[in-house]
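The values are calculated or read from the model by the stated rules, or taken from the named source; none is laboratory data. Being a predicted model, the structure only gives us computed values, none of them experimental. In this analysis, Cβ positions are derived from the backbone assuming ideal geometry, glycine residues included, and neighbour counts consider all displayed protein chains.
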Amino acid sequence: MLRPHLSSNPIVNDENFIINQQQIKNCSRSPQPSILSANSDIVSPILEEQQEPRRHWICGTQVSFEWLFQRLIEKFKCPNEPEPQWIVERLNDTNEKDLDRTCVLKITFGWENQKLPTSVVLKISEANEDDSPEQSKLGSDLFRRECQVYEWLSKHKKIAIPRIFVIKKKWSKSCSALLLMEDLSDRARTGKITEGISAEGIRGILRILAQFHALSMIKKDEWLKIVGDAELPQYFYLLEMLTQNNNLQRYITNNGAQFGIPECLVHGNPIASHFFFYLNNKQNTHELLNTNLEKGIVLIDWTQTHCGCIGEDLAKCICWNMPTKERNETQLVKLLQYYHYQLLKNCLVSHTKMSGGRVRLHSQLCDSAK
């Protein structure tokens with residue numbers, strides 16, 4: 001993990017100045033990247049006669065450090081906090097195959113205030129110059145949907161997601177659409193699809209998926225308001241009937257009713273790299289510690305969330321992540337029984353807090369398991 005080097009009197013010469021400017025432009029990921037002070041004149045020099053606030057654009061994006069700094073001190077109620085030194089590391093590479101078109105950055109700060117996070121993850125919605133209008137719209141819609149899902153899930157503390165600090169759903173002249181969230185890299189690691197996930201790890205994933213599915217079944221009226229109509233590209237002509245979310249919802253509802261399965265929200269992309277697994281050998285007493293990590297797993301990346309059937313997440317989770325040698329009939333039955341138990345348990349807990357009319361959902365789930 002990269003840590004800031006707090007230097008009060010940095011040495012700068014012409015050669016280093018040129019190198020630093022080039023690294024900022026290319027968002028260099030060198031092993032020892034330079035740390036840039038928010039008060040330094042090295043970044044984005046502005047002529048005095050322009051009479052405009054100085055802005056330090058983060059890694060060539062349309063997000064300034066000054067804007068981000070203000071949001072953080074407002075969030076954590078530290079109005080007198082001085083601007084810290086900071087360093088940026090890019091965490092992803094995008095290409096034309098990526099539908100959501102996002103830039104993911106890790107920003108490490110040099111402030112001493114323990115109330116403020118040492119590092120954060122910044123996810124920015126960006127448009128590629130070569131994108132068609134349809135691709136740009138799709139990327140914007142998917143990112144806005146992820147923002148809406150994070151916003152909704154943040155209200156329900158039992159769902160295992162990173163802490164969300166700032167949500168900006170739409171692009172503006174002053175700043176791009178973005179998500180600012182907790183950095184978990186010092187306490188957890190993401191899964192690797194090349195290594196697969198053990199049966200025990202799959203059990204943990206199914207547990208948090210069951211919590212999410214149960215919540216969406218009980219709170220259907222809430223998520224119906226937040227899931228927008230993210231259209232698919234025009235060349236998906238074979239799926240034309242389902243390119244609108246309301247058509248997809250109607251299709252799932254009608255077909256699920258035949259088997260007594262209620263509709264719910266599904267994650268849509270439960271691949272190994274979208275799960276953070278807690279590192280038990282790491283101890284962290286920081287007051288910003290995410291209590292969700294005590295459960296072992298945190299789920300990220302909700303761009304493909306949509307109305308669907310629980311079977312979609314189950315099939316993808318097991319088939320994409322579980323090694324072939326462990327994917328036998330006996331193991332699959334155990335995993336599905338465990339998931340169904342977790343789903344019923346979470347639904348019943350919610351029933352005790354709601355009206356009796358919801359008991360019908362419990363009966364549907366029991367019937368579908370027979």
Could you please tell me which pairs satisfy a Cβ distance under 7 Å, a separation of 6+ or placement on different chains, a first residue in region 125-154 that is more than 19 Å from H306 (Cα to Cα), and a second residue that is among the polar types (S, T, N, Q) and part of a helix (DSSP H, G or I)?
-> S125/S140; A127/S136
Selection within region 160-192 - within 14 Å of H274 (Cβ to Cβ) and in contact with a helix residue (DSSP H, G or I) (Cβ under 9 Å, 6 or more places away or on another chain) = A160, I161, P162, M181, L184, A188, T190, G191, K192
Among the residues of region 54-61, is there at least one that is modelled with pLDDT of 95 or more, assigned by TED's automatic domain parsing to the domain that holds V166 and of a type in the set (F, W, Y)?
-> no
Quickly run through region 73-85 and pick out the residues that are in contact with a strand residue (DSSP E or B) (Cβ under 7 Å, 6 or more places away or on another chain) and in a helix (DSSP H, G or I).
-> K75
Does A230 satisfy the criteria of being crowded, with 18+ Cβ neighbours inside 10 Å, modelled with pLDDT under 90, among the aliphatic types (A, V, I, L, M) and within 15 Å of R145 (Cα to Cα)?
-> yes
Just to be sure, is I197 aliphatic (A, V, I, L, M), part of a loop (DSSP other than H, G, I, E, B) and surrounded by fewer than 20 Cβ atoms within 10 Å (Cβ to Cβ)?
-> no
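Hey, could you check region 144-161 for residues that are part of a helix (DSSP H, G or I) and of a type in the set (K, R) and say which is surrounded by the fewest Cβ atoms within 10 Å (Cβ to Cβ)?
Checked region 144-161; the qualifying residue surrounded by the fewest Cβ atoms within 10 Å (Cβ to Cβ) is R144.
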